[in-house]
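Okay, structure first, notes after.
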Amino acid sequence: MTQVACSHCHLKFDESVMIIEHKSEILYFCCKGCEGVYHLLKDEGLDSFYEKLGKQTLNPPVTLKDDLNRFDLEGFKNKYIKITEDGLNQVSLIIEGIHCSACVWLNEKVLHRTDGIIEASINYSNNKAKIIWDDDEIKLSHIIAKIRSIGYNAYPYDPSLQEEQSIKERNEYYTRILLAVFASMNIMWLAIAQYAGYFTGIEKEHKNILSIGQFILATPTLFYSGWVFFRGAYYGLKNHFVNMDLLVASGALLAYAYSVYAMLTQRGEVYFDSVTMIITFVLVGKYLEVLSKKRASDTLDKIIGTMPTEATIIQGNEKELISVENITIGNIIELKPGEKVAVDGILEVGSASFDESSLTGENEPIHKKSGDDILSGTICLSSVVRYKVTKRANDSLLYTITELLDDSITKKPKIEQLANSISGHFSLSILAISLLTFGGWYWINGSFESALIIAISVIVIACPCALGLATPMATLIGISRAASRGILFKESRMLETMAKSTLLALDKTGTITEGKPSVISFQTEEGFDPAMLLALVHSSNHPVSQSIEKYLHDNYSDMTIIDLANIKSIDAKGVRAEYDGNVLAGGNEALMKSLGISTAVTSEHALYIFALSDKVVAKVELQDKIKDQAKQIIGELTNQGMKVVMLTGDHKQSACNIAKQVGIEEVHHSLLPVDKAKHIDKFHKDGEIVVMAGDGINDAIALAKSDIAIAMGRGADIAIEVSDIVLLDDKLESLLNTFTISKRTFAAIRQNLGFSLLYNIITIPLAVLGYVTPMLAALSMSLSSLVVVANSSRIKLKSNIKENR
């Protein structure tokens, strides 16, 4: 047998006894301890230790039963833990062992009662938990220990490991299902023979043999295949909570216990077939549910999993590959064709085409040259370039997107909180109804066997799972569908509010129009100095200023660079500054009026006036292109019953001209940021649920006041900061998609909840009246959960909105 060296301690052993990992290279470990230390050193960035070690050997580490200390290591904190604005710690974990809404409820309750934990929310659809805690009061290792103490396990959320964990979970279900299906198929043949004998006559000895055969098949099905339900029931009772697992386990166990009694005493009938069917149907239903949940979360994992982990930085004449967590502002990073941008920066050396489709959905490559912004998550396509880092990894665009997605699926809508509250008390109510049913039937006909079987049917048919799945499943699919279209919800509860909205308020520049106005008229007077105007417009990032700056560069040469003093930006009006004893002012008519400068000019287009020492020296007219399909999309929103209004700081003629072209009847023009916010307040007083879309600093107050704030993706940082939804591609089609997906998701949630409640209202009384056998109860319970999953999946099928109309 070939001997190979352990990748950690370098001791040699037969290959057959080694732990083998197939990574970028094949790794061999002689024990779990060596494997753990190897990965610990790698995670900590200390794997250069092996280069220093050379061919020397080490003593294998002592394997500890407790691995909790790794959750408090510095390397773990740097990789997985985020510090919030309040100085608290935040981590995303995957909770193993959750398979119903009651599990979620139990974990959240236990964590909320733990001192030091500020927030704990778990998404049932993907078992992902967001936990915020005070590190001075409790360590993460203690939180993990608390989760383990109630029968679950937790590990840090890492998209690269999700597939491996999913395969492990599926395989566990698959093995248990194989045994259960095999036993069920065979036990049915025995049951058929027994039922045939019941009608045609069968000797007692033969009947006993058939009962023993069923017992042999039912026993491993109940205690091996059904072990997941017994485990869940145990930890639920340990924490004073009645869950779905207890319903399944108690129903199957009662039928099994009575059947064993009937077999041994030869009194009554055996129900081993019902035992196997209960376990098999529910287990298969849970397995299909696991597969559906995995498919639903694949989109989010794909987006989150695209984050690069390493980058090549240039230090002098040397190149070094470092993890993204160690990249600092000012580092120079080299990109080769095909590599993904790890952090945001500015291109310094070279030019190349970049694929931004993962952010904007646009398949056309964008050519970038020196001085252009480079965004994390985009891919360099054509040549080697170098860029200067302007933001750390945690502040870059791709990380911001993943944080938004992360938060959106962990913060529950109000309707989900209500459903979870109901399902939390549901199981206990069912046990009480079952007990009363048993007592009632025993009193009516005096048959213990008949009363017990009917009571078991009541226990099994009730399904809190469908109720618990109703909201999170639809929400996950809706959010993942939106994310694949470049629509990011900061919280899933926004889907509900968005679906109920009645009024849409739109900014003009950058929302209805492209936000890239072009100069169509440039009139100058005596005393005009293009260098002064250039310095003034360069101090502003407003689209009008940027367009005028481009015009000056294209039409004037040899302009001297001058430094302005006392530059002041005046909201929704323009900019004022001083230079060499002169006062410079540039902006709209409102600015000129406030400075006491008379102007006699009107225009249907955007107007920019430049004054030098109270004298107008230049008048610039600009025209902004209306976005593609704007009229059709606004018309479609209006047809859906949405009231659409325009709120803009532009003057009356320009605002009304644009509004007329796109079909908006209600226009509010010449507004300051505070005025926009006052209009939002007025809409609220009129009973409207307001959605506002904008992209500028002057929209920030109004966005914050609205029920739903939508930031166009290329807008100002502050607009994105106060928004509830971010559109990455700036298209009005995305705005329409946002409404469509929200309404369809909320409709699916209501349908799911309606079905779940209707199912229980109909089936539980039927079971109480004795019309449902335990076998049929198990089948209908599993099917009810699958109906909810299937209905939620219809969101994908119905949301096929074309990107280009």
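The values are calculated or read from the model by the stated rules, or taken from the named source; none is laboratory data. Just so you know, these numbers come straight off a predicted model, no measurement behind them. Cβ sites come from the backbone with ideal geometry, for glycine too, and all protein chains shown count toward neighbours. Only protein heavy atoms, including side chains, enter the accessible area calculation; ligands, DNA and RNA are left aside. Shrake-Rupley method; radii C 1.70, N 1.55, O 1.52, S 1.80 Å.
Going through (1) surrounded by fewer than 21 Cβ atoms within 10 Å (Cβ to Cβ); (2) within 26 Å of Leu536 (Cα to Cα) one by one, Glu665 falls short only on (2). Pairing each residue of the stretch 635-656 that is farther than 24 Å from Ser670 by Cα with any residue that is assigned to a loop (DSSP other than H, G, I, E, B), provided the two are 6+ apart or on different chains, yields C-beta distances under 6 Å for Gly635/Gly663.
For residues that are of a type in the set (A, V, I, L, M) and modelled with pLDDT of 70 or more, scanning just the stretch 4-41, find the one that is most open to solvent (accessible area, probe 1.4 Å).
Initially, the stretch 4-41 is screened for residues of a type in the set (A, V, I, L, M), giving 4-5, 11, 17-20, 26-27, 37, 40-41.
If we keep only those that are modelled with pLDDT of 70 or more as well, we get 4-5, 11, 18-20, 26-27.
Working: Val4: 23, Ala5: 40, Leu11: 51, Met18: 19, Ile19: 48, Ile20: 70, Ile26: 88, Leu27: 11 Å².
So the residue we want is Ile26.
Taken as a whole, the structure leaves Glu803 outside the set of residues that are farther than 30 Å from Thr276 by Cβ, acidic (Asp, Glu) and modelled with pLDDT of 75 or more. Candidates are the residues of the stretch 496-524 that are among the β-branched types (Val, Ile, Thr) and over 14 Å from Gly649 (Cβ atoms); the one that is most open to solvent (accessible area, probe 1.4 Å) is Ile520. Just one of (1) at pLDDT 85 or above; (2) closer than 30 Å to Ser785 by Cα fails for Leu753. It is (1).
If you check Lys593, Lys568, which single one turns out to be assigned to a helix (DSSP H, G or I) and free of Cβ contacts under 8 Å to residues at least 40 places away in the same chain? Of the residues listed, the single one that is assigned to a helix (DSSP H, G or I) and free of Cβ contacts under 8 Å to residues at least 40 places away in the same chain is Lys593.
Are any residues in the stretch 571-590 in a loop (DSSP other than H, G, I, E, B) and closer than 25 Å to Asp675 by Cα, and if so, which ones? Explain how you work it out, then say what you get.
Keep residues of the stretch 571-590 that are in a loop (DSSP other than H, G, I, E, B), which gives 571-573, 580-581, 588.
Asp571, Ala572, Lys573, Asn588 - these are the residues of the stretch 571-590 that are in a loop (DSSP other than H, G, I, E, B) and closer than 25 Å to Asp675 by Cα.
Counting the residues of the stretch 57-80 that are assigned to a loop (DSSP other than H, G, I, E, B), at pLDDT 80 or above and either surrounded by 17 or more Cβ atoms within 10 Å (Cβ to Cβ) or on the phi > 0 side of the Ramachandran plot (or both) gives 0.
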